[in-house]
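Note sheet for the following structure.
The values are calculated or read from the model by the stated rules, or taken from the named source; none is laboratory data. From a predicted model like this one, the values you see are computed outputs, not experimental measurements. Cβ placement follows ideal geometry from the backbone for every residue including glycine, while neighbour counts extend to all protein chains displayed. Quick note on the areas: whole protein, heavy atoms, side chains included, nothing else; ligands and nucleic acids left out. Shrake-Rupley method; radii C 1.70, N 1.55, O 1.52, S 1.80 Å.
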Amino acid sequence: MAEQPASEWNDETVRTWLQSRIASARADQVAAERGGRERQDECDKAAAEEMVCTHVRDERSTGSQAAFMEALRALLDKDDYIWSGVYNDTRFDRHVRTYIRKLIRMAKTNEGFDNLKRYQ
């Protein structure tokens, strides 16, 4: 079985996907906040997704596949992450790193950026 070549990089599609993920993450944070203390991890996970997508959504970062990967790797190289509304910094840092790795995998294959559903 031959592998299908990755589709062409479309920076507009990637930015649209990032914007939709930011909106979904904010909605997830609100829902988690209403759930109280037992849903704080979900809130931190949604905040991590929002932070990563916010940091790499500009035209410079999404202009090419290589630039997007470079922006993600630079973000991954940071020692710690600061974002408002975080309950547990250690857990938040772990969620940020996990989400960055997910985006790096997506960027390598250039797949998944056309899925604009809230829950993925």
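General remarks:
- Hits among lysines - C-alpha to C-alpha of K117 under 18 Å, sequence gap 8 or more where chains match: K45, K102
- Calculated FRET value between R60 and I104, using beta carbons and R₀ = 22 Å, to 0.05: 0.80
- For the chain, the relative contact order comes to 35 percent (Cα pairs under 8 Å, sequence separation of at least 6).
- Rounded to the nearest 20, the size of the Cβ-charge dipole of region 1-98 about its Cα centre is 240 debye, with Lys and Arg at +1 and Asp and Glu at -1.
- GNM top mover of S61, S24, S84 - the chain, alpha-carbon springs below 10 Å: S84
- Centroid-to-centroid separation of region 34-67 and region 79-119 [C-alpha atoms, Å]: 5
- Taking the longest Cα principal axis of the chain as reference, the axis of helix 89-109 is set at about 20 degrees.
- Using a probe of 1.4 angstrom and keeping all protein chains present, the accessible surface of region 47-91 works out to 57 square angstrom per residue.
- For the chain, the residue among A23, V52, M106 whose Cα projects farthest onto the positive side of the dipole built from Cβ charges is A23.
- You can think of it this way: the chain between D77 and R91 has 3.3 nm of extra reach, that is 0.36 nm per residue less the Cα-Cα gap.
- Carbon/sulfur fraction of accessible area - the chain, other protein chains in place, 1.4 Å, %: 47
- Net charge contributed by nearby residues that have their C-beta within less than 14 Å of D41 (K/R +1, D/E -1): -3
- Hull volume in cubic angstrom per residue (convex hull over the Cα atoms of the chain): 114
- Calculated mean residue ellipticity, 222 nm, the chain: -21000 deg cm²/dmol, from DSSP H runs (n ≥ 4) at -39500 (n - 2.57) each, averaged per residue and rounded to 500.
- Crossing angle, helix 40-55 versus the chain [Cα axis fit, 0-90 degrees, rounded to tens]: 40
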